[in-house]
Amino acid sequence: MTAHAQLTNAGRLYLAAVISSGSFVVLNSLYSLYKSPVGYEWFVLAGLTLLSGSFTVKVPTIPARLSVSETFVFAAVLMYGPAAATMVVALDSLVISLWIYRSSRRAVRVLFNFSAPAIAVWIAAQAFFYLADVGPLAQAPQPILSLLVPLLALAVLYFVLNSWLIAWAVALEQATSALLVWRRNFFWLSLNYFSGASVAALLLPYLQAPGAAFVKVIGILLPLLLISYLTLKTALGRVEDANRHLSELNRLYLSTIETLAMAIDAKDQITHGHIRRVQIFAVGLAKEMGVTEPAQIKAVEAAALLHDMGKLAVPEYILNKPGPLTPAEFEKMKLHASVGADILSAIAFPYPVVPIVRHHHENWNGTGYPDGLRGSEIPVGARILSVVDCFDALTSDRPYRPRLSDSEALRILTERRGTMYDPLVVDTFARVYRDIAPSDDDISLKASLSAIAREMSVTTVARLPGTSRLDDISASTEEMLSLYELARSLSGRLNLSDAADVISKHLRRLVPATTCVFFLYDESTDELVAAHAAGENSAHFSDIRIAMGQRLSGWVAANRQTIVNSDPMLDLGEVARSLKPPLRSCLSTHLAAESKLVGVLTVYSTHRNAFNEDHRRLVEVIARQVSQTVLQAVEFQQQNSEKLHDQLTGLPNRRHLERFVASELAGSGGLPCTILLVEVKGTPGSKPSHRNLPDYVFAQAADRIRVALRGADLLFRYDSNRFIVLLAQTDGSTAELVARRITDHVGLGRTGDDESFGGAVRIGRATAPDDGLSLADLVSAAESRSSGSPNSRPSVH
C-alpha cells in the first residue's frame, strides 16, 4: 500500500472502510477466543504461521509479498474455526508489516495490511462451516473426503477477497483499473492458496489424531515447506529479474526511438521541439478523457512521439518554407502521414501505434487525409493527437506569423469543432489544457538537440571552399565553367559593388533570377541591409532593412537554412506586387564566413515556382564559395569609405562619382542621364584663381547647390573648384531649368543674401548616351559647353 496522503478522497474512504471492518472482525474474534478458549495446538499453528510468514517472497511489479504460511492458516480454520484463524492471519500480517516493511512503517499501511487478510479469512471461514454444516474439527473430527467442496470454497473465497481488497487499494493509488491490477499481479497467485489448502487437507488426519501425532509430523512437513519457499523465491526472483531486464530494454528502446524522433524534429527548424510538447499534451488529454488501458496510453505516447516520422520523405525546403505551401508542395507534405505509418509498420509494436500515426490528419467530417475517415471511424488516439497537434502549431512562432495566444488558439479549435475535430476531444482539451501543459523540465532535451542542430549548421557553413569545392558539384559543363570563371573573377581586392556585380552576373546565367539582392548583416542594429541589387527594378531594393528573424531573408539569416519558391511578398511586402512585372517567387540562402554571419543572398523571379532543387544546390554552393569574398569586400569598403567622400563638404568625391556613373550607365538601359558641371569662380570684376578662394566659399556653394536640386538629383565634389550634379533620366530642357535654379541660389548677382560669400558659378551640360558613355567624355562635353561670365545667367547647351 502507498501513503495515505497520496490517495484521493475515494481512496481514503475505501481505506477507512477496510480498516474499520478489519478492526471489528479482529476484536470480535478476540472476544470469541476469550469466551471459548482452544487447545495449545492453536498456539503451535500460530507460531508456525508467524515463522513461515517471516520468510516472504517479493511479488514482481507491485509492492506486495507472499509466503507459504497459508497452509497453517487453512489448518487453523479447519481445526479451530473463524475466530482462531482470523487471529492467526492478523498476527501474521502485523508481524510482516512491522518487521519486513521497515522502510515504510506507516500507520495506514500497517492497519490496512492487518485488516484486509483478517476480513478475507473470517468471511471465507464462515462460508466453509456454513457449507460443511459442521463445527471446528478439533471438537468433532470429520473425514476429509466429505469436506472437499467446502474446502475448495474456502480457498477460492479467501484468495478472491484478499487479492481484491489489495487490488482495489493499488488501483485507487495508481488511478487505474482494479481488474487490470488483479489480472496482472494476483491471478496466478491463486496456486499458492490452492496448494496451501491441499497441504492442509493432507495434514487433517494428523491434526485430528489424538496425542502428539501432529507435533511429530511437523518434522516431515517443515522441510517440505522450506523447499516450497525456496522454489517459490527462486521462481519469482527469476520473474522479477526478467521483468527488470525487460523494463530496462523497453526504456532503452523507447529512449532510442525518442532520440531519433527528436533528432528528426530538429531537422525541421520551423516546428522544432514540437513532438515533445505534443507527446505530453496527448498523454495528459488521453487520461483526462478516461483512457485507462495501459496499451492505449502507450500507443498514444509512442504515436505522439513518432507522428512526424514521415517527414523523412518530405523535401527539407518544404518543411522549412516560411509562408503558405503551393498545392504541389502541400501534396508532398500530406505524404508524411501515410509514409510515417508505412515506416512504423516494420516495427512490431505491442500496442496500436501505426493507426494513430496514419490517421492523425483525418477530419471529423471526412475531409481529411490519407483515407478520408469520418467520426468514430478515426481511432480515438488519432483524434486526440490531431487536436493537440493543431494547438501546439497555433501557439508556436512561425516565420510568416507570430505565435497565437492560448485563447486565440482555443477559439480556432472551437470553430473547427465538429468539422475537423471530435467535439468531445476539443471540449475536454479546452477544460484541462492548463493542467496538462508541459513544463520547461519536460522539454529540456529540446534545447540540447537545438544546440546540436545549430552546431551542425555552423560546421556546415564554416567550410569556406575555394575553387577546389567545385568537385562537390555534380553539374553540367556549363555550370562548371561558370563557377570556374566566377572564382577567377573574384580573385584580388574588390569593393562590394564590384564583387556583387560579378556574382550576380554569373548567378543569373545559372538560375532564372530576375533580380539578385545582397543583404548584409548589421550587428549594431541586428538587421539585414540591402547593400547591393542587380537586375530588373534594382533601384527599388536600395536601403531595405529587415530585422533578424523576420520576413524571409531575416528567417534565413537567423536559422541558416535555405528557402525555395516562397512568396516575395513575405520579404518585400506590397513592393513585390507593385513592380512591373510583379515578383512571384524567391530563393534565399545565407552567407557565412568563419562561422560569422555575413548576410543573405536572395534571388527573385517574376515566375511562380521558378526554382528547382538544382537551382537551390547551385545557389548554396555559390554562397559558400563567395561568402569570404563578400566579407572581404565589406571590410575593404569600410576601410576605404572615407576616401570616397570630400572632407570639406561631406559630398561623395570624384572616385565615388566614377564608380556610380559607370554603374548607372550600365544599368540605365539607354535612358537619358545628364550631368551639370558647376564651376565656382571668383567675385565679379576680379580675376582671382580658385586657389585664392577660402574653403568656406566651397562649403557654402555646396549648401546652396543642394537647396536648388530636386529630391532625386545627386551632387558630387569633382575637383578643387568644381561640382557635378547627376540628373538621372533627365532631358536637356529639364536640365536647363535645374541649372538656372542653381545659378539663382548660388550666383552673387542673383541672391545677394550673404555678403561674405565671395564666389560665382559657371555651368555646362552633357547628356548620355548622346555625348558619351564615360564620365571623362561627359565632363569634356560639359566643359566645352560652359559659357557666360561668372555673374551672368548661363545658357546651358
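The values are calculated or read from the model by the stated rules, or taken from the named source; none is laboratory data. Not measured: the values here are computed from a predicted model. Heads up, the Cβs are rebuilt from the backbone with ideal geometry, glycines too, and the neighbour counts pull from every protein chain shown. Areas reflect the complete protein model, heavy atoms only, side chains present, ligands, DNA and RNA absent. Shrake-Rupley method; radii C 1.70, N 1.55, O 1.52, S 1.80 Å.
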query = Quick one: Karplus J couplings for the range 164-180, per residue in order, coefficients 6.51, -1.76, 1.60, θ = phi - 60°, nearest Hz, x for Gly and Pro?
reply = 6, 4, 6, 4, 5, 5, 5, 5, 5, 5, 8, 6, 9, 7, 5, 4, 5
request  = List every residue whose amide H lies under 5 Å from the amide H of A593, counting only residues 5 or more places away in sequence or on a different chain, with H placed 1.01 Å from N in the peptide plane.
outcome  = V598
request  = For R403, enumerate residues with amide H under 5 Å from its amide H, sequence gap 5+ or separate chain, H modeled in the peptide plane.
outcome  = D397, R398
task = May I ask you to evaluate 6.51 cos²θ - 1.76 cosθ + 1.60, the Karplus curve with θ = phi - 60°, for each residue of the range 559-565 and list the ³J(HN,Hα) values in order in whole Hz, giving x for glycine and proline?
result = 9, 6, 10, 7, 10, 9, 6
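Work out the length of the dipole vector of the range 530-602 about its Cα centre, built from +1 on the beta-carbon of each Lys and Arg and -1 on the beta-carbon of each Asp and Glu, and round it to the nearest 20 debye.
Working: 7 positive and 6 negative charges, 15 e Å.
Here the range 530-602 has a charge dipole of around 80 debye.
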task = Starting from the residue with the highest accessible area, list F698, F114 in decreasing order, probe 1.4 Å.
result = F114, F698
task = At 1.4 Å probe size, with no ligands or nucleic acids counted, give the accessible surface of Y604 in Å², nearest ten.
result = 0 Å²
inquiry  = On a 1.4 Å probe surface of the protein chains, which of T649, T414, T602 comes out largest in accessible area, and what is the full order?
reply    = T414, T649, T602
task = Give a residue-ordered list of calculated ³J(HN,Hα) values for the range 279-290 (Karplus: 6.51 cos²θ - 1.76 cosθ + 1.60, θ = phi - 60°; whole Hz; x for Gly, Pro).
result = 4, 5, 4, 5, 5, x, 5, 4, 5, 5, 7, x
inquiry  = Heavy atoms only, 1.4 Å probe, whole protein assembly: order L172, L727 by accessible area, highest first.
reply    = L172, L727
message = Largest first, please: the extent of the C-alpha atoms of the range 320-365 along each principal axis, to the nearest Å.
response = 39, 26, 15
ask   = Can you give the extra length, in nm with one decimal, that the chain gains between Y31 and R659 once fully stretched, where that is 0.36 nm per residue apart less the Cα-Cα distance?
value = 214.6 nm
task = Run the 1.4 Å probe and let me know the accessible area of D522, rounded to the nearest 10 Å².
result = 40 Å²
ask   = For H532, which sequence-distant residues (separation of 5 or more, or a different chain) have an amide H within less than 5 Å of its own amide H, given hydrogens modelled in the peptide plane?
value = F518
query = How much length, in nm to one decimal, is gained on full extension between V239 and K580, taken as 0.36 nm per residue of separation minus their Cα-Cα distance?
reply = 115.0 nm
remark   = Extension length gain for F24 and L179 (0.36 nm per residue less Cα distance), in nm, is 53.1 nm
